[in-house]
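Structure first, then comments.
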Amino acid sequence: MFELDALLVEAKPKADKVLADVCQFVLESFDKFDLNKDGFLSREEIEIALRAPDRTVKQAAFLQFLLVRMNEIAAAVDDQPDSEDASESGISSLDLRTYFAHLLEKQD
Ligand SMILES: [Ca+2]
(Lines give C-alpha, C1' and ligand atoms only; values in the text may rest on other atoms or scores of the structure.)
Protein backbone atom coordinates (compact mmCIF):
# COMPACT_ATOMS: atom_id res chain seq x y z
CA MET A 1 0.00 0.00 0.00
CA PHE A 2 2.77 2.37 0.95
CA GLU A 3 4.57 1.71 -2.30
CA LEU A 4 1.47 2.47 -4.35
CA ASP A 5 0.97 5.72 -2.47
CA ALA A 6 4.55 6.65 -3.16
CA LEU A 7 4.07 5.85 -6.84
CA LEU A 8 0.93 7.99 -7.02
CA VAL A 9 2.66 10.91 -5.33
CA GLU A 10 5.51 10.49 -7.76
CA ALA A 11 3.16 10.31 -10.76
CA LYS A 12 1.04 13.30 -9.81
CA PRO A 13 3.33 16.06 -11.06
CA LYS A 14 3.51 14.20 -14.39
CA ALA A 15 -0.27 13.91 -14.62
CA ASP A 16 -0.63 17.61 -13.80
CA LYS A 17 1.93 18.46 -16.44
CA VAL A 18 0.03 16.48 -19.07
CA LEU A 19 -3.25 18.19 -18.18
CA ALA A 20 -1.58 21.59 -18.28
CA ASP A 21 -0.06 20.69 -21.66
CA VAL A 22 -3.47 19.67 -23.06
CA CYS A 23 -5.02 22.92 -21.87
CA GLN A 24 -2.18 25.04 -23.22
CA PHE A 25 -2.14 23.29 -26.60
CA VAL A 26 -5.88 23.73 -27.13
CA LEU A 27 -5.94 27.36 -25.98
CA GLU A 28 -3.00 28.21 -28.23
CA SER A 29 -4.65 26.56 -31.22
CA PHE A 30 -8.19 27.61 -30.33
CA ASP A 31 -8.66 30.22 -33.07
CA LYS A 32 -7.19 27.87 -35.67
CA PHE A 33 -9.51 25.01 -34.65
CA ASP A 34 -12.59 27.26 -34.41
CA LEU A 35 -13.30 27.14 -38.14
CA ASN A 36 -16.56 29.11 -38.11
CA LYS A 37 -15.16 31.63 -35.56
CA ASP A 38 -18.16 31.40 -33.24
CA GLY A 39 -15.96 31.14 -30.15
CA PHE A 40 -16.78 27.46 -29.61
CA LEU A 41 -15.06 24.27 -30.66
CA SER A 42 -17.70 21.88 -31.95
CA ARG A 43 -17.24 18.11 -32.07
CA GLU A 44 -16.86 18.39 -35.83
CA GLU A 45 -14.20 21.09 -35.58
CA ILE A 46 -12.18 18.98 -33.13
CA GLU A 47 -12.50 15.96 -35.43
CA ILE A 48 -11.25 18.03 -38.37
CA ALA A 49 -8.31 19.25 -36.26
CA LEU A 50 -7.62 15.63 -35.33
CA ARG A 51 -7.38 14.63 -39.00
CA ALA A 52 -4.94 17.41 -39.93
CA PRO A 53 -2.00 15.84 -41.82
CA ASP A 54 0.66 17.50 -39.66
CA ARG A 55 -0.97 16.36 -36.39
CA THR A 56 1.50 14.66 -34.03
CA VAL A 57 0.60 11.54 -32.03
CA LYS A 58 0.74 13.59 -28.85
CA GLN A 59 -1.52 16.32 -30.21
CA ALA A 60 -3.95 13.67 -31.48
CA ALA A 61 -4.10 12.21 -27.97
CA PHE A 62 -4.85 15.68 -26.58
CA LEU A 63 -7.68 16.15 -29.05
CA GLN A 64 -9.08 12.68 -28.28
CA PHE A 65 -9.08 13.71 -24.61
CA LEU A 66 -11.31 16.66 -25.55
CA LEU A 67 -13.65 14.54 -27.65
CA VAL A 68 -14.15 11.97 -24.90
CA ARG A 69 -14.88 14.69 -22.31
CA MET A 70 -16.64 17.02 -24.74
CA ASN A 71 -19.97 17.29 -22.88
CA GLU A 72 -18.30 17.56 -19.49
CA ILE A 73 -15.95 20.34 -20.64
CA ALA A 74 -18.63 22.24 -22.56
CA ALA A 75 -20.79 22.26 -19.43
CA ALA A 76 -17.99 23.72 -17.25
CA VAL A 77 -19.34 27.24 -17.72
CA ASP A 78 -22.90 28.12 -18.65
CA ASP A 79 -21.81 30.59 -21.29
CA GLN A 80 -24.86 30.09 -23.48
CA PRO A 81 -27.79 31.03 -21.26
CA ASP A 82 -30.13 30.96 -24.27
CA SER A 83 -29.26 27.40 -25.14
CA GLU A 84 -30.90 24.53 -23.30
CA ASP A 85 -28.03 22.16 -24.02
CA ALA A 86 -24.65 23.57 -23.02
CA SER A 87 -22.81 21.08 -25.21
CA GLU A 88 -24.68 22.08 -28.38
CA SER A 89 -22.23 24.64 -29.74
CA GLY A 90 -19.18 23.08 -28.15
CA ILE A 91 -16.29 24.15 -25.96
CA SER A 92 -15.43 27.80 -25.33
CA SER A 93 -12.01 28.96 -24.17
CA LEU A 94 -13.63 29.86 -20.84
CA ASP A 95 -14.97 26.29 -20.58
CA LEU A 96 -11.42 25.00 -21.12
CA ARG A 97 -9.82 27.30 -18.55
CA THR A 98 -12.51 26.52 -15.96
CA TYR A 99 -12.54 22.77 -16.57
CA PHE A 100 -8.77 22.35 -16.38
CA ALA A 101 -8.45 24.68 -13.38
CA HIS A 102 -10.94 22.48 -11.50
CA LEU A 103 -9.22 19.31 -12.64
CA LEU A 104 -5.80 20.49 -11.46
CA GLU A 105 -7.26 21.77 -8.19
CA LYS A 106 -9.15 18.56 -7.43
CA GLN A 107 -6.05 16.39 -7.57
CA ASP A 108 -4.22 18.33 -4.89
CA1 LIG B 1 -16.86 26.82 -33.90
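The values are calculated or read from the model by the stated rules, or taken from the named source; none is laboratory data. Predicted, not measured: the structure shown is a model, and the values here were computed from it. Virtual Cβ from ideal backbone geometry, glycine too; neighbours counted across all protein chains shown.
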Qualifying residues in region 47-90 (those that are of a type in the set (S, T, N, Q) and under 23 Å from ALA15 (Cα atoms)) - the one modelled with the lowest pLDDT
ASN71
State whether one or more residues within region 10-31 are within 13 Å of the ligand (Cβ to nearest atom), over 15 Å from SER93 (Cα atoms) and exposed (fewer than 14 other Cβ atoms within 10 Å of the Cβ).
no
Looking at (1) surrounded by fewer than 16 Cβ atoms within 10 Å (Cβ to Cβ); (2) modelled with pLDDT of 90 or more; (3) among the aliphatic types (A, V, I, L, M); (4) part of a helix (DSSP H, G or I), which is the one condition that is false for LEU35?
(4)
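Here are some residues: GLU45, GLU10. Which one is assigned to a helix (DSSP H, G or I) and without any contact (Cβ under 8 Å) to a residue 12 or more places away in the chain? Show your work before the answer.
Details: GLU45 fails: without any contact (Cβ under 8 Å) to a residue 12 or more places away in the chain.
Residue meeting the stated conditions: GLU10.
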